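Read through the structure below, which is laid out as structure tokens, and then see the notes.
The values are calculated or read from the model by the stated rules, or taken from the named source; none is laboratory data. What you see is a predicted model, and the numbers here were worked out from it, not measured in a lab. We place every Cβ from the backbone using ideal geometry, glycine too, and count neighbours over all the protein chains shown.
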Amino acid sequence: MKKRSSRAVSAQILLQVLDEGKSLSSLIPEASVQLDSQDLPLVQEITFGVCRVLPRLERIIQQFLEKPLKGKTRLVHCLLLVGLYQLLYMRVPTHAAVDEVVNATKSLKLEHFRGLTNGVLRRFLREQEAILAIVDKHWQTLHPEWFVNKLKQAYPHWREIIEANNQRPPMWLRINPQRTERADYAGLLGERAKYPENSTACIPPCALLLAKPLPVSQLPHFEQGWATVQDAHAQWSALLLGAENGESVLDACAAPGGKTTHILELAPQAEVIALDIEENRLKRVTENLHRLGQQAKVICGDATQPETWLPEGVMFDKILLDAPCSATGVIRRHPDIKWLRQATDIAELVALQGKILHALWQRLKPNGVLLYATCSVLPEENSEQITRFLQAMPDALAGEMDFCGEKVSQKQFFPSAEGGDGFFYAKLVKRANEETR
Ligand SMILES: C[S@@+](CC[C@H](N)C(=O)[O-])C[C@H]1O[C@@H](n2cnc3c(N)ncnc32)[C@H](O)[C@@H]1O
């Protein structure tokens, strides 16, 4: 089968993100069948990159067009985004890049717009300096206004969070202590490993930073389960949960299984249930368990209704609730989140998180631990959610967590250049019955 132009496919993907609200992580695997395998990284680079800097590219287009391209011509607009991104951010020879984008009008059946596409991109090349002087006159957050306002209200260092979100994410590995030691694995990677050598930062004991991102096929013994790709801050989850062999553990929102497999690396004989509402995403949990040679019971079900998938009376020693959230802590990894999320989503997510928290609490044994986690930086989903829960539940206590000697009952992480992503943790302990009387 003849494969399609990477620029045309990129424009179609962007149209679906921006106008249909679909995510890059679902669109890119779907589109990959239309592409030559060597074009996939290019499409990824273009589509993620455009989402990262979208407002800047939009302003450039505004300098050229009197009226915005609407309706059926939105695809031409997306093709211009692709072209401008290449010219500004990628090391491709400029005239070849313009030709590729202009030729993509044919494969998109937009030949009428060949002249316009060519004109805009070539004029940009000629007038780049003057245009960028106008476009870049003021600092741009490259984020939606509603989100910037929420950050401003919550944190004095909001600009730092924005700047970190606008960078490319580092790649972290979690080294499996059942297979090897972190230092030995770093030795196998040689110069491709960067961290934690000589670092004093507080990072989890099995976390290892790569000098630059690599495909997993280039990671030594990846298929044998020696390493898993997981952000450094996400690696606190299983450590803080502290599950032990023989304990019953629920990983309540488990897919794709990054934290389920970590729980089992630390306690291989724990009896783990990995639950998720999305059947499709659960396939990834099964694949990950298989790669790591681990056992867990994988269940498709709704965490707000444990009675529909768990027999009455069954209780857990430990529950990890890695709650569905705004994902505003991982924007640098998923820059499309900036354009997919709406301000109105947040209240809905807060309500869902609260519902899951209350439902699962009923299934926690006395003295049991529930670890609440999100990859959000918004207090509504994090500290405010937990404060409300502790006020409502007399049998809930704030448990202590230890981050390299810093003892706290809640922890908000923010994204940083060579650090982890934005993440939140709160440990909740259930009082034994006698204590509540
Ligand atoms: C943050 S992701 C989980 C990531 C996962 N813990 C990991 O480390 O790989 C949140 C998950 O919650 C699931 N989810 C959303 N609503 C749910 C519900 N009502 N019951 C169970 N799972 C739900 C989503 O399908 C999604 O997979």
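Restricting to region 355-379, and then to whatever is near the ligand (Cβ under 10 Å from one of its atoms) and touching a strand residue (DSSP E or B) at 6+ places or on another chain (Cβ under 7 Å), can you tell me which residue is nearest to residue 150 (Cα to Cα)? Quick ask: steps written out before the conclusion?
Applying the first criterion (near the ligand (Cβ under 10 Å from one of its atoms)) to region 355-379 yields 355-356, 359-360, 373-376.
Checking the rest, the ones that are also touching a strand residue (DSSP E or B) at 6+ places or on another chain (Cβ under 7 Å) come to 356, 360, 373-376.
Working: 356: 24, 360: 29, 373: 20, 374: 17, 375: 16, 376: 12 Å.
Within region 355-379, the match that is nearest to residue 150 (Cα to Cα) is 376.
Limited to region 250-289, what total is found for residues that are among the acidic types (Asp, Glu), in a strand (DSSP E or B) and either within 12 Å of the ligand (Cβ to nearest atom) or without any contact (Cβ under 8 Å) to a residue 12 or more places away in the chain (or both)?
So the first thing to find is which residues in region 250-289 are among the acidic types (Asp, Glu), and the list is 251, 265, 271, 276, 278-279, 287.
Cutting the leftovers down to in a strand (DSSP E or B) gives us 251, 271, 276.
Within this subset, residues satisfying the condition of being either within 12 Å of the ligand (Cβ to nearest atom) or without any contact (Cβ under 8 Å) to a residue 12 or more places away in the chain (or both) are 251, 276.
Looking only at that region, the number is 2.
Out of region 205-221, which residues are surrounded by fewer than 17 Cβ atoms within 10 Å (Cβ to Cβ) and either out of contact with any strand residue (DSSP E or B) (no Cβ under 7 Å at 6 or more places or on another chain) or small (Gly, Ala, Ser) (or both)?
Step one: list which residues in region 205-221 are surrounded by fewer than 17 Cβ atoms within 10 Å (Cβ to Cβ), which gives 205, 211-218, 220-221.
Within region 205-221, 205, 211, 212, 213, 214, 215, 217, 218, 220, 221 qualify.
Given the structure, is residue 101 β-branched (Val, Ile, Thr), modelled with pLDDT of 95 or more, part of a helix (DSSP H, G or I) and in contact with a helix residue (DSSP H, G or I) (Cβ under 6 Å, 6 or more places away or on another chain)? Break it down stepwise before answering.
Values: β-branched (Val, Ile, Thr): yes; modelled with pLDDT of 95 or more: yes; part of a helix (DSSP H, G or I): yes; in contact with a helix residue (DSSP H, G or I) (Cβ under 6 Å, 6 or more places away or on another chain): yes.
When the stated conditions are applied, residue 101 passes them.
Go through region 47-93 and give me each residue that's in contact with a helix residue (DSSP H, G or I) (Cβ under 6 Å, 6 or more places away or on another chain), under 21 Å from residue 108 (Cα atoms) and among the β-branched types (Val, Ile, Thr).
47, 50, 61, 76, 82
Given the residues 260, 180, which is the only one that is crowded, with 24+ Cβ neighbours inside 10 Å and hydroxyl-bearing (Ser, Thr, Tyr)? Don't jump to the end; show me each part of the working.
Values: 180 fails: crowded, with 24+ Cβ neighbours inside 10 Å.
The unique qualifying residue is 260.
Restricting to region 209-249, what's the tally of residues that are within 13 Å of the ligand (Cβ to nearest atom) and within 19 Å of the chain's Cα centre (by Cα)?
Result for region 209-249: 10.
How many residues does region 335-354 contain that are within 15 Å of the ligand (Cβ to nearest atom) and either of a type in the set (S, T, N, Q) or not in a helix (DSSP H, G or I) (or both)?
Residues flagged as within 15 Å of the ligand (Cβ to nearest atom) and either of a type in the set (S, T, N, Q) or not in a helix (DSSP H, G or I) (or both) within region 335-354 amount to 2.
Among the residues of region 327-349, what is the count of those that are within 19 Å of residue 388 (Cα to Cα) and buried (at least 21 other Cβ atoms within 10 Å of the Cβ)?
Initially, region 327-349 is screened for residues within 19 Å of residue 388 (Cα to Cα), giving 346-349.
Checking the rest, the ones that are also buried (at least 21 other Cβ atoms within 10 Å of the Cβ) come to 349.
Residues in region 327-349 being within 19 Å of residue 388 (Cα to Cα) and buried (at least 21 other Cβ atoms within 10 Å of the Cβ): 1 in total.
Every residue, every condition in (1) in contact with a Ser or Thr (Cβ under 7 Å, 6 or more places away or on another chain); (2) surrounded by 19 or more Cβ atoms within 10 Å (Cβ to Cβ); (3) at pLDDT below 95, yes or no:
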| site | (1), (2), (3) |
| --- | --- |
| 194 | no, no, yes |
| 203 | no, yes, yes |
| 230 | no, yes, no |
| 233 | no, yes, no |
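Checking residue 321 against (1) away from the ligand (no atom under 12 Å from the Cβ); (2) among the hydrophobic types (A, V, I, L, M, F, W, C); (3) under 30 Å from residue 417 (Cα atoms), only one condition comes out false. Which one?
Going through (1) away from the ligand (no atom under 12 Å from the Cβ); (2) among the hydrophobic types (A, V, I, L, M, F, W, C); (3) under 30 Å from residue 417 (Cα atoms) one by one, residue 321 breaks only (1).
If I ask for residues that are out of contact with any Leu (no Cβ under 9 Å at 6 or more places or on another chain), among the polar types (S, T, N, Q) and part of a helix (DSSP H, G or I), which ones from region 140-192 would you list?
Correct list: 149, 153.
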